[in-house]
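Visitor: Sharing a structure with you now.
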Amino acid sequence: MSFTEEINKRKTFGIVSHPDAGKTTLTEKLLLFGGAIQVAGAVKSNKIKKTATSDFMEIEKQRGISVATSVMGFEYRGLKINILDTPGHKDFAEDTFRTLTAVDSVIVVIDVAKGVEEQTEKLVEVCRMRKTPIIVFINKMDREGKDSFDLLDELEEKLGLSVRPMSWPIGMGQRFQGVYNMYEQKLVLFRSHGKQNEEDLIEITDLESKELEEYVGETAAEELRSEVKMVNDLYMEFDREYYLEGELSPVFFGSAINNFGVKEMLDCFVEIAPTPLPRPTEERMIDPYEDEFSGFVFKIHANMDPKHRDRIAFLRVCSGKFERNTNYLHVRQERQMKFANPTTFMASKKSVIDDAFPGDVVGLYDSGNFKIGDTLTGGEVLHFKGIPSFSPEQFRYVNNADPMKQKQLNKGLKQLMDEGVAQLFTKENNGRKIIGTVGALQFEVIQYRLKHEYGASCNYEPIRMHKACWITCDDDQALKEFMQRRRNDIARDKDGNLVFLAESAWMLQMAQENHEQVNFHFTSEFSK
Ligand code: G4P
């Protein structure tokens, strides 16, 4: 197979949803279609259950599961499909944001009863910023839920998506009879839980035909006819170009647990979803078809076995061909590196690979050389854009609890920060260290992992703080003045960038108003 054919057969995407909407269930059904797993139940949910917030072992177990399911590859209709898993728990939203930098499209799962939930809003906002093509799957149609038109309105209003239904449900809950596939003009009947047979697929090109009534009854047939007409009147025709530009989202209805409506969506996905896309670097656009290899690290995962300190860095291949035992430039460290055991993932199985192509994700064993956002290339100096750190919202002072283990603590903290677990700030006035996270759970994770992986212990002290944001300023004098006035509220992040620590929303607002020349950034993407 030629290099171009290899790239063209790849589709790399992520599934995002609010916890419990059915992401794990849908992933599993997709893998079943691809033959990557044989039995249901093989994909474990990586969500951290609510009850587990202080159960460290549970957190560790869940982390172990999530490394196994970080990337799941399967073959379907001659294509190689890579699903990148995203943690559902809100405290790990940053992981999800970063994973979204490595996909070419996403599928958003919505619970029909709950509609658009908070976590989905945030994640879709990130996708929209990047113009990532989105397909929506409305799940749990076997349960009573919101009216379909209301849901479409919600998608448009809360998520800011323009939508186009590709299938339309016939009833819901107890009265759910199936969907009409508007894309292929076929009726798919929902007869029995867990099964969808060939005979459930009925071709009906003319909805006015009497045949429709025979299958779903007169009332449902009438309802379907008028609703389909309304859909056609209200929503624009599906246009792949718009979808690829992230401007139009096809919507499917189904029930993942019953494996219903999933195949219709998958068949449409493989036809319309983008193959590996060009990616921006600070230097230039990188085309996947370029000969020279390039890729970036979007996720780092610690080894589950505390005796082995090595980690797995997940690298998205962006251009060229990645090969085992070949020297590549680690751009930040300005040195050559080669990898003896690069790993790929098929469902939960890991295996060593000889090569990988754009769209693929390679797992690289790492003893501490990588941090999130690092670039590897065939020689060119490139920095991929769009892998931000977010301004954290929870803060605590971190203190060393074992004076004999200062070195271990420093090393552990550095490595955990490189993994992107949290962010470390050092105050300019007194050198005290502050950990900032997006969610509260990370504090427990850090404490636990420092102890078990590095033999260090730490304790926390509360701190009154609203937000940390990065600051830049073109005017040196203005910056100096700001730093003097705010001496006690200035810190450096781990890369030495200046950070303003705002005690309250009001303080932040005042600082912004009084120092107009200073720029306040809420993601660190502006920095290198
Ligand atoms: P998540 O990864 O998005 O967090 O969701 P997950 O797939 O774990 O699904 C959350 C719950 O919703 C699960 O039930 C799952 O069985 C159920 N579910 C998924 N799809 C459907 C569907 O189409 N219809 C219905 N009625 N339920 C669905 P659970 O009780 O939390 O877990 P479990 O004990 O069933 O595993």
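The values are calculated or read from the model by the stated rules, or taken from the named source; none is laboratory data. Since we're looking at a predicted model, the values are computed, not measured. All Cβ positions, glycine included, derive from the backbone under ideal geometry; neighbour counts span all protein chains shown. For accessibility, only protein heavy atoms count, side chains too; no ligands or nucleic acids. Shrake-Rupley method; radii C 1.70, N 1.55, O 1.52, S 1.80 Å.
Visitor: Tell me which of these THR101 doesn't satisfy, since it passes every other one: (1) at pLDDT 85 or above; (2) within 12 Å of the ligand (Cβ to nearest atom).
Guide: (2)
Visitor: Give region 239-258 a look and list any residue that's under 19 Å from the mean Cα position of the chain (by Cα) and farther than 14 Å from ARG130 by Cα, or say none.
Guide: The answer is SER249, and nothing else.
Visitor: Further question on the same structure: For residues that are within 16 Å of the ligand (Cβ to nearest atom) and either at pLDDT 90 or above or of a type outside the set (Val, Ile, Thr) (or both), tally how many sit in region 23-46.
Guide: If we filter region 23-46 for residues that are within 16 Å of the ligand (Cβ to nearest atom), which is where we start, we get 23-33, 37, 39-46.
With the extra rule that they be either at pLDDT 90 or above or of a type outside the set (Val, Ile, Thr) (or both), the set shrinks to 23, 26, 28-33, 40-42, 44-46.
Number of matching residues: 14.
Visitor: Just wondering, is there one or more residues in region 75-86 that are small (Gly, Ala, Ser) and touching a Leu at 6+ places or on another chain (Cβ under 8 Å)? Don't jump to the end; show me each part of the working.
Guide: First pass over region 75-86, keeping only residues small (Gly, Ala, Ser): 78.
Keeping just the survivors that are touching a Leu at 6+ places or on another chain (Cβ under 8 Å) gives none.
No, because not a single residue in region 75-86 is small (Gly, Ala, Ser) and touching a Leu at 6+ places or on another chain (Cβ under 8 Å).
Visitor: Any idea which of (1) closer than 20 Å to THR344 by Cβ; (2) among the basic types (Lys, Arg); (3) in contact with a helix residue (DSSP H, G or I) (Cβ under 9 Å, 6 or more places away or on another chain) is the one ARG324 doesn't satisfy?
Guide: Status for ARG324: all satisfied but (3).
Visitor: If we only count strands (runs of 3 or more DSSP E) wholly inside region 290-332, which ones have 3 or more residues that are at pLDDT 85 or above and within 24 Å of the chain's Cα centre (by Cα)? Full working, then the answer.
Guide: Numbers: elements: 294-302, 311-319, 328-330.
By residue number, 294-302, 311-319.
Visitor: Which of the residues spanning region 132-148 are assigned to a loop (DSSP other than H, G, I, E, B), within 16 Å of the ligand (Cβ to nearest atom) and open to solvent by less than 10 Å² (accessible area, probe 1.4 Å)?
Guide: The answer is MET141, and nothing else.
Visitor: Is region 359-373 home to any residue that is surrounded by fewer than 15 Cβ atoms within 10 Å (Cβ to Cβ) and of a type in the set (A, V, I, L, M)?
Guide: no
Visitor: Same structure again: Working only within region 446-494, note down all residues that are closer than 17 Å to GLY431 by Cβ and among the polar types (S, T, N, Q).
Guide: Scanning region 446-494 gives a single hit, ASN488.
Visitor: Collect the residues in region 107-131 that are open to solvent by 70 Å² or more (accessible area, probe 1.4 Å) and away from the ligand (no atom under 16 Å from the Cβ), keeping them in residue-number order.
Guide: Across region 107-131, the qualifying residues are GLU125, ARG128, MET129, ARG130, LYS131.
Visitor: Being over 18 Å from ASN519 (Cα atoms) and modelled with pLDDT of 90 or more narrows it down to one of LYS480, LYS433, so name that one. Can you show your working first?
Guide: Working: LYS480 fails: over 18 Å from ASN519 (Cα atoms).
None of the others qualify; the one that does is LYS433.
Visitor: A further question on this structure: Across region 1-22, which residue is modelled with the lowest pLDDT among those that are within 16 Å of the ligand (Cβ to nearest atom) and open to solvent by 20 Å² or more (accessible area, probe 1.4 Å)? Outline the logic, then answer.
Guide: Going residue by residue through region 1-22, those that are within 16 Å of the ligand (Cβ to nearest atom) are 13-22.
Within this subset, residues satisfying the condition of being open to solvent by 20 Å² or more (accessible area, probe 1.4 Å) are 18-20.
Numbers: HIS18: 88, PRO19: 83, ASP20: 87.
Filtering region 1-22 for residues that are within 16 Å of the ligand (Cβ to nearest atom) and open to solvent by 20 Å² or more (accessible area, probe 1.4 Å), the one modelled with the lowest pLDDT comes out as PRO19.
Visitor: Condition (residue is closer than 27 Å to ILE372 by Cβ and either touching a residue at least 12 places away in the same chain (Cβ under 8 Å) or aliphatic (A, V, I, L, M) (or both)) applied to region 476-486: is it met by at least one residue?
Guide: Within region 476-486, the subset closer than 27 Å to ILE372 by Cβ is none.
No, region 476-486 has no match at all.
Visitor: Under the condition of being exposed (fewer than 14 other Cβ atoms within 10 Å of the Cβ) and touching a residue at least 24 places away in the same chain (Cβ under 8 Å), which residue from region 487-502 is farthest from LEU413 (Cα to Cα)?
Guide: Selected residue: ARG487.
Visitor: Might you let me know whether region 271-280 holds any residue that is in contact with a helix residue (DSSP H, G or I) (Cβ under 6 Å, 6 or more places away or on another chain), small (Gly, Ala, Ser) and away from the ligand (no atom under 16 Å from the Cβ)?
Guide: Checking region 271-280: not a single residue is in contact with a helix residue (DSSP H, G or I) (Cβ under 6 Å, 6 or more places away or on another chain), small (Gly, Ala, Ser) and away from the ligand (no atom under 16 Å from the Cβ).
Visitor: May I ask you to list the residues in region 149-172 that are open to solvent by less than 10 Å² (accessible area, probe 1.4 Å) and within 16 Å of the ligand (Cβ to nearest atom)?
Guide: Listed by number, the residues that qualify are LEU151, SER167, PRO169, ILE170.
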